[in-house]
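Asker: Below is one structure. I have some questions about it.
The values are calculated or read from the model by the stated rules, or taken from the named source; none is laboratory data. Every value quoted in this text rests on a predicted model; they were computed, and no experiment measured them. A quick note on method: Cβ atoms are made from the backbone with ideal geometry, for glycine too, and the neighbour counts reach across all protein chains shown.
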Amino acid sequence: MNTDFIIKALDLELFTPLMSLDQSALAAVDARWVYVDSVPGFPCRVSLVDAQVGERVMLVHFFHHDSTSPYRSSGPIFVREQAKTANLSVNEIPEVLSQRLLSLRGYSAHHDMLEAVSAQGEQVKGVIHQIFANPEIDYVHIHNASPGCYSCVAYRAESY
């Protein structure tokens with residue numbers, strides 16, 4: 001079975017309507033602007049890079065697993081003000097993942113979690129290939145393990 005994958009960032013278009021809102025309007029949708037004061041610590045889910053000190057990022061509540069299953073899930077994410085949607089190659093691991101402890105969760109086409117593995121960033125590529133060796137796995141959500149927040153998703157390359 002082919003285990004090649006492609007990691008997809010969130011599309012900037014999802015957040016464009018929020019970018020021009022003031023703080024009170026953002027608060028009404030569970031979001032706010034914050035300034036980066038340390039690196040790493042503010043990983044952008046659109047560009048898949050760590051924001052730099054002084055950069056402004058939006059902290060927003062996001063349904064990253066908006067499925068009709070008991071595994072439906074949401075949480076806080078960061079989006080850089082000047083983000084551009086990352087466009088990765090097959091089997092490419094973005095730097096934002098390479099230096100973190102990660103939780104990888106393999107889901108079926110019915111959105112049921114079938115596998116869950118923790119791995120250090122440098123092991124992620126091999127772990128994704130191992131998860132996709134299971135033919136029942138449709139996609140893999142990648143989370144930052146310590147805070148538990150969503151990072152990105154890997155799909156089987158043949159799906160794209």
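Asker: Would you check if ASN91 is out of contact with any Cys (no Cβ under 9 Å at 6 or more places or on another chain) and on the phi > 0 side of the Ramachandran plot? Even if it seems obvious, please write down each step before you answer.
Answerer: Numbers: out of contact with any Cys (no Cβ under 9 Å at 6 or more places or on another chain): yes; on the phi > 0 side of the Ramachandran plot: yes.
It is true that ASN91 is out of contact with any Cys (no Cβ under 9 Å at 6 or more places or on another chain) and on the phi > 0 side of the Ramachandran plot.
Asker: How many residues, within the stretch 116-125, are buried (at least 18 other Cβ atoms within 10 Å of the Cβ) and either polar (S, T, N, Q) or assigned to a strand (DSSP E or B) (or both)?
Answerer: 1
Asker: For the stretch 120-136, indicate whether the set of residues that are of a type in the set (Phe, Trp, Tyr) and within 17 Å of the chain's Cα centre (by Cα) is non-empty. Spell out the reasoning first.
Answerer: Here is the first cut: in the stretch 120-136, the residues of a type in the set (Phe, Trp, Tyr) are 132.
Next, from what is left, pick out any that are within 17 Å of the chain's Cα centre (by Cα): none.
Looking for residues that are of a type in the set (Phe, Trp, Tyr) and within 17 Å of the chain's Cα centre (by Cα), one finds none in the stretch 120-136, hence no.
Asker: Does the stretch 42-50 include one or more residues that are more than 14 Å from PHE15 (Cβ to Cβ) and small (Gly, Ala, Ser)?
Answerer: Taking every residue of the stretch 42-50 in turn, none turns out to be more than 14 Å from PHE15 (Cβ to Cβ) and small (Gly, Ala, Ser).
Asker: Going through the stretch 63-81 one residue at a time, which ones are more than 18 Å from LEU104 (Cα to Cα) and at pLDDT 95 or above?
Answerer: Listed by number, the residues that qualify are PHE78, VAL79, ARG80, GLU81.
Asker: If you don't mind, there's one more thing I want to ask. Can you name the condition, by its number, that ILE128 falls short on among (1) of a type in the set (A, V, I, L, M); (2) outside any strand (DSSP E or B); (3) within 27 Å of LEU26 (Cβ to Cβ)?
Answerer: Here ILE128 meets the rest and fails (3).
Asker: Tally the residues that are in contact with a helix residue (DSSP H, G or I) (Cβ under 9 Å, 6 or more places away or on another chain) and among the hydrophobic types (A, V, I, L, M, F, W, C), restricting the search to the stretch 60-85.
Answerer: Residues of the stretch 60-85 in contact with a helix residue (DSSP H, G or I) (Cβ under 9 Å, 6 or more places away or on another chain): 60, 62, 79, 81, 83-85.
Filter once more, keeping what is among the hydrophobic types (A, V, I, L, M, F, W, C): 60, 62, 79, 83.
Adding up the residues that qualify gives 4.
Asker: Is there any pair with a first residue in the stretch 21-46 that is under 27 Å from SER146 (Cβ atoms) and a second that is aromatic (Phe, Trp, Tyr) and in a strand (DSSP E or B) whose Cβ atoms are under 6 Å apart and which are 6 or more apart or on different chains, and what are they?
Answerer: PHE42/PHE78; CYS44/PHE78
Asker: Name the residue that is farthest from LEU97 (Cα to Cα), counting only residues in the stretch 126-160 that are charged (D, E, K, R) and buried (at least 17 other Cβ atoms within 10 Å of the Cβ).
Answerer: Taking the stretch 126-160 first, the residues charged (D, E, K, R) are 136, 138, 156, 158.
Subsequent filtering for residues that are buried (at least 17 other Cβ atoms within 10 Å of the Cβ) retains 138, 156.
Numbers: ASP138: 21, ARG156: 18 Å.
Among them, the one singled out is ASP138.
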